[in-house]
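Participant: After the structure tokens below, expect a handful of questions from me.
Nothing in this text is a laboratory measurement; each read-out follows from the coordinates by a stated rule. All of these numbers come straight from a predicted model, not from anything done at the bench. In this analysis, Cβ positions are derived from the backbone assuming ideal geometry, glycine residues included, and neighbour counts consider all displayed protein chains.
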Ligand code: NZQ
Ligand code: ZN
């Protein structure tokens, strides 16, 4: 196992009715800004619950944060916060609202061009404190330090991460997810699954606990995801999927082990250039990342085949083929198509992505830093 430092201070309030308890988590004299997306929280009752929990408190609202939050929109919130002297943020929505709020929190005290936070990984000195009410289990943003922001003007989708943007608390009430469109339920299952794969499906690091935790999350998603899709008001299945998504990317399963993330880096470009949903891009790319890099990932692919899919018969190569096919079939079975053509995108996207990676110096991705632009090209060709 590699050395590691682990720190995660996010307080989780899990379960039905927990929104009512947020008042106690926010300083009583805070001037609060509620941030939200395109309006789902106003039609599913979540906004009313938040408002009731903040009765008598000093708060303003900022809505309109898009899926794949736009820098241009987030900067409007930064202006509002500076003008109004806001000192606490409350993100209410999916990963995009939480990510957008992290960026806003970091941008308010930032001196200079805020896009440098993502584009140049500019160091942060401070961020406004914030909490989250999560309504879409998928990204893990509610319990991690990462944020992904899109600069609409240039169609660039880039991330930053800082311990300064850990939420102070996150509410995970599975009932808030009942109103999700099926497509977003499916996306959430796939995103969480791929987060685990990015941290697990690399090479052995003698970390059996992290491996088994990762395998548990994968198996739980395989079992519980379809239960949600079969019965959208199945509270227990909703709860299990929600906790899986948080555990998939709160740092715990990734300590002391190598991590890949090449699939995500490629996926972000497909979203930036073609607007394909984040999880859909992962469903397209991951099976082909595993195929192209099967030799470097061989030991873990065999372990995955055995422990997650129960594949123990036949040659090693057959088991690896079957494990990759099972992965693809699982994504398809929960409703996420796995080919670029399913989204109307052709292979002409490849040179654009390669060019961007070369310009940005993304030339050594993956757990072995051997995913060069050439390898990315091989992966993308298989995505057709
Ligand atoms: O905007 P509203 O009206 O709220 O609608 C949203 C949006 O249209 C809707 N929605 C959310 N909760 C709902 C709901 N509709 C009905 N009922 C509810 N309870 O769902 C749509 C998608 O929401 P979004 O927040 O964009 O989805 P998701 O949570 O999948 O977030 C995706 C973003 O997170 C980033 C992605 O790149 C993408 O930008 N990621 C963030 C990560 C992180 N911070 O660690 C890691 C991930 O790998 C990912 O990159
Ligand atoms: Zn993701």
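Participant: Would you please report the Å³ per residue occupied by the convex hull of the alpha carbon atoms in segment 246-320? Don't skip to the end; give the middle numbers.
Facilitator: Working: hull volume 8.7 nm³, N = 75.
Taking the convex hull of the Cα positions in segment 246-320, it is 116 Å³ per residue.
Participant: Relative contact order of the chain: what whole-number percent is it, with Cα pairs under 8 angstrom and at least 6 residues apart?
Facilitator: Values: 699 pairs, mean separation 59.8, N = 384.
For the chain, the relative contact order is 16 percent.
Participant: Using only helices, what value at 222 nm comes out for the chain when you add -39,500 (n - 2.57) per DSSP H run of length 4 or more and divide by the total residues, to the nearest 500 deg cm²/dmol? Mind dumping the intermediate values first?
Facilitator: Details: 14 runs with 177 residues, N = 384.
Mean residue ellipticity at 222 nm (helix-derived): -14500 deg cm²/dmol.
Participant: Helix 71-84 sits at what angle to the longest principal axis of the chain, using alpha carbons and giving 0 to 90 degrees rounded to 10?
Facilitator: 30 degrees
Participant: Here's something else I'd like to know. Rounded to two decimals, what ratio of Rg to Rh does segment 19-108 give with C-alpha atoms and a Kirkwood Rh? Spell out each step's value before the answer.
Facilitator: On the way: Rg = 12.3 Å, Rh = 13.1 Å.
Ratio value, two decimals: 0.94.
Participant: Mind pulling up the Rg/Rh value for segment 144-215? Radius of gyration and Kirkwood radius, both on Cα. Write down the numbers at each step before the final one.
Facilitator: On the way: Rg = 16.1 Å, Rh = 15.5 Å.
Result: Rg/Rh = 1.04.
Participant: For the chain, set up a Gaussian network in which alpha carbons nearer than 10 Å are linked by springs, and say which option among 67, 364, 248 fluctuates the most.
Facilitator: 364
Participant: Just the ratio, please: alpha-carbon radius of gyration of segment 55-121 over 2.2 N^0.38 Å, N its number of residues.
Facilitator: Details: Rg = 11.9 Å, N = 67, 2.2 N^0.38 = 10.9 Å.
Taking the Cα Rg and dividing by 2.2 N^0.38 Å, one obtains 1.10.
Participant: Also, I was wondering about something else. Neighbouring Cβ atoms within 10 Å as the yardstick, rank 213, 242, 197 fewest first. Write down the numbers at each step before the final one.
Facilitator: Details: 213 18, 242 26, 197 23.
Listed from fewest to most nearby Cβ atoms, that is 213, 197, 242.
Participant: Can you tell me which of 279, 207, 161 moves the most in a GNM of the chain? Springs connect C-alpha atoms under 10 Å apart.
Facilitator: Looking only at 279, 207, 161, the biggest GNM fluctuation is shown by 207.
Participant: Can you tell which of 318, 301, 249 shows the greatest fluctuation in a Gaussian network model of the chain with Cα springs below 10 Å?
Facilitator: 318
Participant: Now for a separate question. Could you state the number of Å between the C-alpha centres of segment 298-361 and segment 51-121?
Facilitator: That distance is 35 Å.
Participant: Given 4 °C and 1.567 mPa s, how large is the Stokes-Einstein diffusion coefficient of segment 1-67 in µm²/s, with Rh as the Kirkwood radius over Cα pairs?
Facilitator: Numbers: Rh = 14.2 Å.
Diffusion coefficient, whole number: 91 µm²/s.
Participant: Follow-up question, since we're still on this one. Can you give the Rg to Rh ratio for the chain, taking only C-alpha atoms and Rh from Kirkwood? Intermediate values should be presented prior to the final figure.
Facilitator: On the way: Rg = 20.3 Å, Rh = 21.2 Å.
Radius of gyration relative to Kirkwood radius: 0.96.
Participant: Tell me, 79, 61 in order of fewest to most beta-carbon neighbours within 10 Å? Spell out each step's value before the answer.
Facilitator: Details: 79 10, 61 15.
In increasing order of surrounding Cβ atoms, one gets 79, 61.
Participant: What does DSSP give for the chain in terms of the percent of beta bridges that are antiparallel, rounded to the nearest 5?
Facilitator: Numbers: 7 of 30 bridges.
Approximately 25 percent, going by the DSSP bridge assignments.
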